Amino acid sequence: LGEVAEAFTDCQAVQARTVEKVAMQIRGVSLDLRGHLLRLGDEYKTMAVKMLAVEECTKLGGPDEHYDPAHFESRLMADFGEALGLNEALVQQAKLDEHAESRFERFEEGERRAAAEQRLRALFDVQALLKAFVAEVSAFGESTAKDSLPRVFIDWANDRMTHKHVIFDEETCTDVVVGDTLALAVMEVALLGRTWARASDKYRDESLCELFLAATDDAAKPKAAPEVAQGGAEFKKERLSRLVRRFLSPSVQVKAPSEAEKEDARLSPEEVTQVFIDHVPGVLDFLYRGQPGNLSLDFMVGAYQDGFQAFSGTEIHEHLLSSFRLVVHHGFDNKPAAAKHLCQIAEAFMDCQAVQARTVEKVSLQIRGVAMDFRGHLVQLIDEYKAMAVKILAVEECTKRGGPDAHHDPAHFESRLVADLGERLGLNEGIVKQGKLDEHAQARFRILQGAKLGKAEKRIHELFDMGALLKAFAAEAVTFGASTANDSLPRLFIDWASEHMSQKHLIFDEDTCSHVVVDDSLALAVLEVVFLGRPRAAVDERYRGELLSEVFVADAAVEVEAEAALSSAEAEALVANERSDEAVLILEVDCGSFWSPLTPDVLQKVAEAKKEGRKEVHFSSRGFKYLLDLVAMMQVNLATGKARSVRYGGSNDNHGDEDEDESDKSDD
C-alpha cells in the first residue's frame with residue numbers, strides 16, 4: 001500500500017505501472033530461475049528507460065508539466081517495448097497513454113530511433129544487474145519462500161551444475177556465496193544455453209566451462225552457429241566470420257564529426273591557385289573527369305570561395321566549405337604533411353563532387369587531429385575496409401548495367417549503397433549523410449530494398465577483406481618508435497596491451513624487446529578482445545609458446561555488448577530481408593529516353609498527401625518549381641508548362657544518361 005500510495009502522488013501512467021507490479025507480487029505468479037532473471041532484468045530495462053526519459057525531457061527544456069519524464073517513458077515503452085522485450089503489460093499500458101501520444105513524436109524508423117535504441121542499450125547496467133542477482137541469491141535462509149529466487153536458484157544449481165558446492169561458503173556450506181564471475185556464467189547458461197567463459201577460466205579452482213551441464217531442452221539451447229573442430233580451417237573461418245558480422249553492424253561505426261569551426265576565406269583566387277601549384281606536382285594538367293578544358297584547379301578555387309554546389313542549401317554545406325578552407329589554409333601555412341593532404345584533395349577533384357566531399361571530410365579530420373583511443377583507431381581502420389568493399393560492389397553493379405560510364409558511375413552508385421546500407425553496416429556516419437544528399441545517385445539508381453538490399457549486404461560481407469585488415473593493423477602497429485605520437489595507433493596499442501595482456505612482452509621482439517612484432521594470429525586475437533570481449537582461439541592454440549586464450553584479460557561487459565549487437569543486427573537483417581520490393585514508395589518521371597526516380601523528400605511529400613487525401617503535391621528541384629498531379633499522374637514545370645508522365649516503380653534500372661538539370665533545359 002505504501003508503494004501504491006507513493007505512486008498516486010504522480011500521474012496515472014506511474015500509478016498504472018505500480019499497480020501492475022504490486023498486483024503481480026500479491027498474486028504470487030510462480031517463476032522458475034529463468035523467469036526470475038527475466039523479472040530482474042526487466043527492472044534494469046525499466047531503469048534504463050526512465051533515465052533516457054529524463055535525459056530527453058531535459059534536452060527539450062524540461063522536466064516540467066508538459067515535458068514530463070513519466071509520459072516520455074510511455075512513449076519509449078510504446079515504441080521500443082517489443083524490440084527490447086520490455087514488460088508486456090506495461091507496454092500495453094504505454095500505448096494507451098494519450099499524453100505521451102499528444103506531446104512526444106513517435107520514434108519512427110531512422111537515425112532518431114536508432115540513436116535512442118543505442119542509448120537504451122548503453123544505459124542498461126549489466127554490472128549492476130549482476131550485483132543485484134548476487135545480493136538476492138545470497139539472502140537464502142531457513143525462512144526463504146520456496147518460489148523465491150534464492151530457493152529456485154539452489155534447485156536450479158542441483159539440476160544444472162556438476163559441482164553444486166561452489167555456490168555455498170567453503171567453511172560451513174550453509175550460506176550462499178556467489179561472485180560476479182559465477183553470476184555471469186549462471187545468467188549465460190540460463191539465458192544463452194551455455195557459458196562463454198574461456199577454457200582456462202576458473203571459479204573456486206573448478207573450470208567454469210565444466211561447472212554446468214549442457215542444455216537438454218531446445219528453448220534453453222544457445223541459438224548459435226554449429227560448433228566446428230577447434231584449430232581447423234572451418235574454426236578459423238568461423239572466427240573471422242564472427243568478427244566481420246560484428247564489424248559490419250551499427251555497433252562498430254565512425255561517428256559523424258562535430259561541426260567544423262567556421263573557417264573564413266582569407267586567400268584570393270590567385271593565392272589558392274598558388275598553394276596547389278606549390279604542393280601538387282603537375283596540378284595544372286589535372287582535368288575534371290578527363291574533360292578537355294575543364295581544369296580541376298578551377299573547381300578547387302571555386303570550392304574555396306563558394307563551397308560545393310551539389311551540397312548547396314543542405315545541412316552539411318557550411319561544414320564542407322569550412323573543412324575545405326581548413327585544408328587549403330593548412331597548405332598555405334606550410335604545416336606538416338601539407339603536400340600529402342593537398343595531393344589527396346587535388347586528385348579527388350579529378351572526380352565528381354561526391355568523391356571530392358568524402359576526401360575533404362577525411363583529410364580535414366586528419367588535420368584537426370580528432371583524438372581517438374585504441375578502439376577508435378581500429379574502428380577507423382575497419383571503416384576504410386568497409387568503404388573498399390562498397391567501392392568494389394559499386395563497380396560490379398555498374399558493370400552489370402553496361403558501365404562504368406558517365407551515367408552508370410561507380411562514385412554515385414557508391415552513394416546509393418552508402419545511403420541505403422549505411423546504418424545497417426555501420427558505415428562512416430559523415431559519409432552516410434553525404435550519400436543521402438547525392439542527387440545523381442537518387443536520380444540514376446533506384447533505392448535498394450527487399451531482396452536486392454539483402455543481396456547487396458551479403459555481397460559486401462563477402463568483399464570485406466579480413467585478411468588484408470589484419471595485415472594492415474599489424475603493419476601499422478609495428479611502426480612504433482621513439483618519435484611516435486602519443487595519440488597514434490602504435491603508441492595506443494602498447495598502452496592497451498599493458499592493461500589487457502597478462503604477458504605484455506609478447507608484443508615485442510624476443511631478442512631486444514625494443515621492436516613491436518605482431519603477426520596475423522596475434523592481430524586476430526587483439527581484434528577479438530577489443531570487439532568481442534575475449535579471443536576465440538582454439539583451447540590449445542599458442543603464440544610464442546603461450547596459450548592465446550590465457551594471454552589476454554577478458555572483458556565481460558564487451559562480451560555482453562557484442563552478443564547483443566550481433567543478435568540485434570541479425571534480427572534486423574532478417575526482418576529487412578523479409579520485406580517485399582514494394583515496401584518503399586517509388587515514383588518515376590518520364591524524361592524521354594529514361595525514367596528518373598523522384599527524390600526521397602518528394603516521395604515523403606507524396607506519402608503525406610496521400611495520407612491527408614490531397615491529390616496534388618508542390619515541390620522544388622534545382623531551381624524549378626513543379627506540380628505533381630497524383631490523379632493524372634503528371635509532373636508539370638510551373639515556369640515552362642512542360643508536362644511529363646509519372647509512374648509507380650518502373651520495370652527496369654535503366655534511368656538514362658542525362659542529369660535531371662539537363663532534362664529541365666528542354667523545358668525552357
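Tell me whether the chain comes out rounded, prolate or oblate; compute the Cα gyration tensor, take square roots of the eigenvalues as a ≥ b ≥ c, and use a/c under 1.5 as the rounded threshold. Intermediate results must be reported in sequence, preceding the final value.
On the way: a/c = 2.16, a/b = 1.39, b/c = 1.55.
Because a/c hits 1.5 or more and a/b fails to exceed b/c, the chain counts as oblate.
Counted by Cβ distance under 14 Å from L211, the other residues give a net charge of 0, where Lys and Arg count +1 and Asp and Glu count -1. Both radii are taken from the alpha-carbon atoms of region 96-154; with Rh as the Kirkwood radius, Rg/Rh is 1.28. For a Förster distance of 51 Å, can you work out the FRET efficiency between the beta-carbons of A468 and K146, rounded to the nearest 0.05? In this case the efficiency is close to 0.30.
At 0.36 nm per residue, and after removing the present C-alpha to C-alpha distance, how many nm does the segment from E108 to Y543 gain when stretched out fully?
Numbers: separation 435, 0.36 × 435 = 156.60 nm, distance 4.85 nm.
Contour length minus Cα-Cα distance gives 151.7 nm.
Here region 144-209 has 49 percent of its accessible surface on carbon and sulfur atoms, given a 1.4 Å probe and all protein chains in place. Taking the centroid of alpha carbons for each part, region 433-495 and region 616-649 are 40 Å apart. For region 335-406, a/c is not less than 1.5, where a ≥ b ≥ c are the root eigenvalues of the C-alpha gyration tensor, and a/b does not top b/c. That puts it in the oblate class.
Treating r as the C-beta distance of A485 and D509 and R0 as 25 Å, the FRET efficiency rounds to 0.70. Taking a straight line from the alpha carbon of K340, these lysines sit under 21 Å away, with near neighbours fewer than eight places off in the same chain left out: K362. Compactness of region 474-560, taken as the C-alpha radius of gyration over 2.2 N^0.38 Å, stands at 1.06.
In straight Cα distance, which lysines are under 22 Å from K642, not counting same-chain residues fewer than 8 positions off? Reachable lysines: K605, K615, K625, K665.
Separation of the alpha carbons by more than 28 angstrom is noted, of K236/K436; K95/K611; K471/K504, for K236/K436.
On the protein heavy atoms, probe 1.4 angstrom, tell me the percent of accessible surface of region 454-563 carried by carbon and sulfur.
Values: 2450 of 4830 Å².
It is 51 percent, rounded to a whole number.
Give the distance, in whole Å, between the Cα centre of region 126-204 and the Cα centre of region 286-357. About 61 Å separates the Cα centre of region 126-204 from the one of region 286-357. Can you classify region 401-459 as rounded, prolate or oblate using the Cα gyration tensor, where a ≥ b ≥ c are the square roots of its eigenvalues, rounded means a/c under 1.5, and otherwise it's prolate if a/b beats b/c and oblate if not? Taking the square roots of the gyration eigenvalues as a ≥ b ≥ c, region 401-459 is oblate. Legend: calculated FRET efficiency, E98 to K458, from the Cβ-Cβ distance at R0 = 56 Å, rounded to 0.05, equals 0.80. Taking one quarter of the surface of the C-alpha convex hull of region 36-77 gives a mean projected area of 2.7 nm².
Using square roots of five times the C-alpha gyration tensor eigenvalues, list the equivalent-ellipsoid semi-axes of region 1-90 in whole Å, biggest first. Intermediate values should be presented prior to the final figure.
On the way: eigenvalues 122, 58, 18 Å².
Equivalent ellipsoid of region 1-90: 25, 17, 9 Å, largest first.
Amide H to amide H distances under 5 Å link M161 with L213, where only residues 5 or more positions off or on other chains count and H is placed in the peptide plane.
Measuring how big region 33-136 is from its alpha-carbon positions, Rg and Dmax come out at 14.0, 43 Å.
Here, region 155-219 has an Rg and a Dmax of 11.5, 38 Å when only alpha carbons are counted.
Using a probe of 1.4 angstrom and keeping all protein chains present, the accessible surface of the chain works out to 50 square angstrom per residue.
For D590, the solvent-accessible surface computed with a 1.4 Å probe is close to 50 Å², ligands and nucleic acids excluded.
Quick one: pull the percent of accessible area on region 351-427 belonging to carbon and sulfur, 1.4 Å probe, ligands and nucleic acids left out.
Working: 1510 of 2650 Å².
Using a 1.4 Å probe with all protein chains present, region 351-427 comes out at 57 percent carbon and sulfur.
The values are calculated or read from the model by the stated rules, or taken from the named source; none is laboratory data. Predicted, not measured: the structure shown is a model, and the values here were computed from it. FYI the Cβ positions are ideal-geometry reconstructions off the backbone, even for glycines, and counts take in every protein chain you see. Accessible surface areas use protein heavy atoms only, side chains included; no ligands, DNA or RNA. Shrake-Rupley method; radii C 1.70, N 1.55, O 1.52, S 1.80 Å.
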